[in-house]
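For reference, the structure discussed in these notes is given below.
Values quoted throughout were computed directly from the atomic coordinates according to the rules given, and no laboratory measurement underlies them. If you're wondering where the values come from, they're calculated on a predicted model, not measured in any experiment. Methodologically, a virtual Cβ is constructed for each residue, glycine included, from the backbone with ideal geometry; neighbour enumeration extends over all protein chains shown.
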Amino acid sequence: MAHVILGLLLLRPQSQYDLVKNFEAAVSLLYSASAGSIRRALETLLAGGLIEVAEVGPGARGRKTYRATGAGREEFHTWMTGPMTGPDAEAAALPRLFFLGLLEPAERADVLPRITARIEKDLGRLEELDERLDVQEVPDELREVFAYQRATLDYGLAASRFALGWFRDLAERGGVSDPR
């Protein structure tokens, strides 16, 4: 979540309230977070010197607006251009895709192949599991349970194949065209 917040703050300085609204409006489609988890992430980023308070509003509550520091920009860049980690390829890929426009065009070209390589790796694991299950003996009393477990795997295979094709196509086109 810290990297997603850094990306949002690189777009423009924002308060915690603004960040919560941005998560609700757009980012929640690819990454969900509660107001409390956003607050904790802001505190961690602030303590680590990756963000700073840009402005404190008037009044007793003094709404704080945050912005990324130079160290925060470097951390974000390292995350965007570094290896894809975590157990879920989609959860690792979509935030990078969301912020890909923040990178220079030459750097973007390197990110998309890493995303496709990660999806290929995960798809390979699902295909291996699929092959093992093809020869699996299933007791009669578990056939219905197994059928839905198999359907879950089939969904994962289909979703991974779609994602792989979609990201390959995007990479072959050299990214997205100007939306205007």
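What you get for the chain, charging only the Cβ of Lys and Arg (+1) and of Asp and Glu (-1), is a dipole of about 1140 debye around the Cα centre. Altogether, the Stokes-Einstein calculation at 20 °C and 1.002 mPa s, with the Kirkwood radius of segment 90-180 over Cα pairs as Rh, returns a diffusion coefficient of 141 µm²/s.
Can you work out the base-10 log of I(q)/I(0) for segment 2-81 at q = 0.20 1/Å, using the Debye formula on its C-alpha atoms alone? These q points yield log10 I(q)/I(0) values of -0.86. Legend: calculated FRET efficiency, R63 to L102, from the Cβ-Cβ distance at R0 = 25 Å, rounded to 0.05, equals 0.50.
Computed from the Cβ-Cβ distance with R0 of 45 Å, the FRET efficiency linking H77 to D134 stands at 0.55. Largest mean-square fluctuation among V145, V53, V111, in a Gaussian network model of the chain whose springs join Cα atoms under 10 Å apart, belongs to V145.
Of the trypsin sites (Lys or Arg not before Pro) in segment 1-74, the ones in a loop by DSSP (not H, G, I, E or B) with at most 16 other beta carbons within 10 Å are R61, R63. Full extension of the chain segment joining T44 with L30 gains 2.9 nm, where the gain is 0.36 nm per residue of separation less the Cα-Cα distance. When the chain is treated as a GNM with alpha-carbon contacts under 10 Å, the residue of L11, L123, L102 showing the greatest mean-square fluctuation is L11. The share of alpha-carbon pairs in segment 45-138 lying farther apart than 18 Å comes to 62%. Of the residues A158, A93, A41, the one that moves most in a GNM of the chain with alpha-carbon contacts below 10 Å is A158. Would you work out which of M80, F98, S34 lies farthest towards the positive end of the dipole of segment 31-153? Charges go on Cβ: Lys and Arg +1, Asp and Glu -1. Most positive-ward Cα: S34. Helices that extend 30 Å or more along their long axis by alpha-carbon positions and average at least -0.5 on the Kyte-Doolittle scale are, among the DSSP H runs of the chain, 143-173. D by Stokes-Einstein for the chain, Kirkwood Rh over Cα pairs, 20 °C, 1.002 mPa s: 114 µm²/s. On a C-alpha basis, how far is the centre of segment 106-121 from the centre of segment 35-65 in Å? Whole number, if you could? Answer, in whole Å: 33. Among the GluC sites (Glu not before Pro) in segment 75-180, those located in a DSSP loop and surrounded by at most 12 other Cβ atoms within 10 Å of their own Cβ are E137. For segment 130-177, the direction-averaged projected area of the alpha-carbon convex hull comes to 4.1 nm². Averaging the sequence gap over all C-alpha pairs within less than 8 Å and six or more residues apart, then dividing by the number of residues, gives segment 2-81 a relative contact order of 38 percent.
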